[in-house]
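Comments concern the structure below.
The values are calculated or read from the model by the stated rules, or taken from the named source; none is laboratory data. Here the structure is a predicted model, which is why all the values come from computation and not from measurement. Here the Cβ is made from the backbone with ideal geometry for all residues, glycine too, and neighbour counts use every protein chain on show. Side chains are part of the model used for accessible areas, which takes the heavy atoms of the whole protein and leaves out ligands, DNA and RNA. Shrake-Rupley method; radii C 1.70, N 1.55, O 1.52, S 1.80 Å.
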Amino acid sequence: MINEVINKVLSAKKYENIHPSTVKRTAERILEEDEKISDDEAVKKIKKELYTIHAHYYNGLDYKKALNSFRKNPDNIKNYEHWLRKYDNNRLKSVKNDCYGKIFRITGKPRVILDLACGLNPLTLQWMNLDKDAEYYCYDIEKNMINFLNEYFRIIKMKKCSAFFQDVVSRIPEMKADVAFIFKASTCFEWQKAGNTMKVLNGLKTKYAVISLMMRGEYNLDGCRNYFRKLLGEKYDDSYEVVSEKEYFRILKK
Ligand SMILES: C[S@@+](CC[C@H](N)C(=O)[O-])C[C@H]1O[C@@H](n2cnc3c(N)ncnc32)[C@H](O)[C@@H]1O
């Protein structure tokens, strides 16, 4: 039964590029929660969850068009700004407001970064002001996005940057690094199962982890601090925060 359910989800056009281990993990949980659920109902529930944790954030950025424009003019920062604005205008404002400078003043300038559940955040690489030989490894669950990011790294000649098609909850990155980014993804991890963020954090071999949350609605400054107090428990430390435009960054020394 579980294999049929997984195959049905992965054969849908919208989800064919999602990592099979994400689908499998979600299917296992949903079938365990309700032993009497029909295959069709399970498929529906899994798709809904995949929409919430992934598809919901993407409004059809045209990877081919973006890559063509990068190839034509690889050094034009305005072009990256254009595509970043389409993806996440608030993130663009944050990076132009030097959120990375503020974060790296706390963590030190990193030589190796892991960007977990990266989405299209690697498009902000030009604002990180890393050394040309810095290493930046990013991870997400959509194959087309990962292919796009690897081609983008090639175009901007960041030789030590790679994107990995990997579910980081099922398989926590083992690479040693200075900093791990978990931007706007802890809510997705917790949605999948409460406690996932701490599981990932505990498994990482990095000196720092930077976790962010969008500031909106109940998540004003106090709301964000409360969220992290609950999420991090005794690992919460008052001294490490950066507030930038509409995003709140919590920095955790590991
Ligand atoms: C709200 S977006 C944030 C993207 C990016 N970090 C940013 O700040 O722009 C959440 C991302 O988490 C990814 N994601 C969710 N669960 C994941 C998992 N278990 N492993 C890897 N990526 C995951 C989704 O595919 C999506 O790209």
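Would you mind checking the radius of gyration and Dmax of segment 2-57 based on alpha-carbon positions, in Å?
Rg and Dmax of segment 2-57, Cα atoms, are 10.2, 32 Å.
What residue among Val179, Met158, Ile103 has its Cα farthest toward the positive end of the dipole of the chain, where the charges are +1 on Lys, Arg and -1 on Asp, Glu, each on the Cβ?
Met158
Using +1 at the Cβ of each Lys and Arg and -1 at the Cβ of each Asp and Glu in segment 1-118, identify which of Ile113, Tyr15, Ala55 lies farthest towards the dipole's positive end.
Going by the charge dipole, the pick is Ile113.
To the nearest 20 Debye, how big is the dipole of segment 44-138 about its Cα centre, given +1 on the beta carbon of each Lys and Arg and -1 on that of each Asp and Glu? Could the numbers behind the result be given before it?
Numbers: 19 positive and 10 negative charges, 87 e Å.
Once rounded to the nearest 20, the dipole reads 420 debye.
Tell me, in nm to one decimal, what length is gained between Asn3 and Ile155 on full extension, where the rule is 0.36 nm per residue of separation less the Cα-Cα distance?
50.8 nm
Suppose every K and R has +1 on its Cβ and every D and E has -1 on its Cβ; what is the size of the dipole of the chain about the Cα centre, in Debye to the nearest 20? Don't skip to the end; give the middle numbers.
Numbers: 47 positive and 35 negative charges, 180 e Å.
In total the dipole reaches around 860 debye.
Please compute the per residue accessible area over the chain with all protein chains in place, 1.4 Å probe, rounded to a whole number of Å².
Numbers: 12820 Å² over 254 residues.
With all protein chains present, the chain gives 50 Å² per residue.
Can you list residues whose amide H is under 5 Å from Cys138's amide H, if they're 5+ apart or on another chain and H is modeled 1.01 Å from N?
So Cys138 has HN proximity to Asp115, Ser162, Ala163, Phe164.
Once neighbouring chains are kept in place and the probe is 1.4 Å, which whole percent of the accessible area of the chain is contributed by carbon and sulfur?
Numbers: 6180 of 12820 Å².
That share works out to 48 percent.
Please give, to one decimal in nm, the separation of the simple spin-label points placed at Lys65 and Arg105, each 7 Å out from Cα toward the Cβ.
A separation of 3.9 nm, rounded to one decimal place.
Picking from Pro74, Asn202, Tyr248, whose Cα lies most toward the positive end of the charge dipole for segment 66-253 (charges on Cβ: Lys, Arg +1; Asp, Glu -1)?
So the residue we want is Pro74.
Between Lys143 and Asn202, 0.36 nm times their residue separation minus their Cα-Cα distance comes to what? Can you show the working numbers first?
Values: separation 59, 0.36 × 59 = 21.24 nm, distance 2.62 nm.
That pair, Lys143 and Asn202, stretches by 18.6 nm at full extension.
With a bin width of 10 angstrom, please list the P(r) values of segment 114-254 as percents of all Cα-Cα pairs, from the 0 bin to the one holding the largest distance.
11, 42, 36, 11, 0
Can you list the lysines whose alpha carbon is less than 27 Å from that of Lys44, not counting same-chain residues fewer than 8 positions off?
Lys8, Lys13, Lys14, Lys24, Lys36, Lys143, Lys184, Lys193
Below 16 Å, Cα to Cα, which aspartates and glutamates can Lys93 reach? Residues fewer than 8 away in the same chain don't count.
Candidates past the 8-residue exclusion: Glu81, Glu245, Glu247.
Cα centroids of segment 74-101 and segment 191-254: how far apart, whole angstrom?
Using only Cα atoms, the two centres lie 23 Å from each other.
For a quick size check, give me the Cα extents of segment 80-195 along its three principal axes, largest first, whole Å.
34, 31, 30
Select from segment 1-65 those chymotrypsin sites (Phe, Trp or Tyr not before Pro) which occupy a DSSP coil region and have at most 16 other Cβ atoms within 10 Å, ordered by residue number. Before the final figure, lay out the partial values.
Numbers: sites: Tyr15, Tyr51, Tyr57, Tyr58, Tyr63; in loops: Tyr58.
Counting only loop positions with at most 16 other Cβ atoms within 10 Å, the chymotrypsin sites (Phe, Trp or Tyr not before Pro) in segment 1-65 are Tyr58.
Could you give me the ³J(HN,Hα) list for segment 177-184, computed from phi with Karplus coefficients 6.51, -1.76, 1.60 and θ = phi - 60°, whole Hz, x at Gly and Pro?
Ordered by residue, 3J(HN,Hα) equals 7, 6, 9, 10, 9, 10, 8, 6 Hz.
In whole Hz and in residue order, list the ³J(HN,Hα) couplings for segment 3-20 that follow from phi through the Karplus curve 6.51 cos²θ - 1.76 cosθ + 1.60, θ = phi - 60°; x for Gly and Pro.
Computed from phi, the couplings for segment 3-20 are 5, 5, 4, 4, 5, 5, 5, 6, 8, 6, 3, 5, 10, 5, 9, 7, 4, x Hz.
At a probe radius of 1.4 Å, what is the per-residue accessible area of His82, in Å² to the nearest 10?
Here the residue's solvent-accessible area equals roughly 80 Å².
For segment 106-164, what is the charge dipole size about the Cα centre, in debye to the nearest 20, if Lys and Arg each add +1 at the Cβ and Asp and Glu each add -1 at the Cβ?
Numbers: 8 positive and 7 negative charges, 50 e Å.
Dipole magnitude for segment 106-164 comes out near 240 debye.
Find the all-direction average of the projected area of the Cα convex hull for the chain, expressing the result in square nanometres with one decimal place.
Values: hull surface 54.1 nm².
With every direction weighted equally, the projected area is 13.5 nm².
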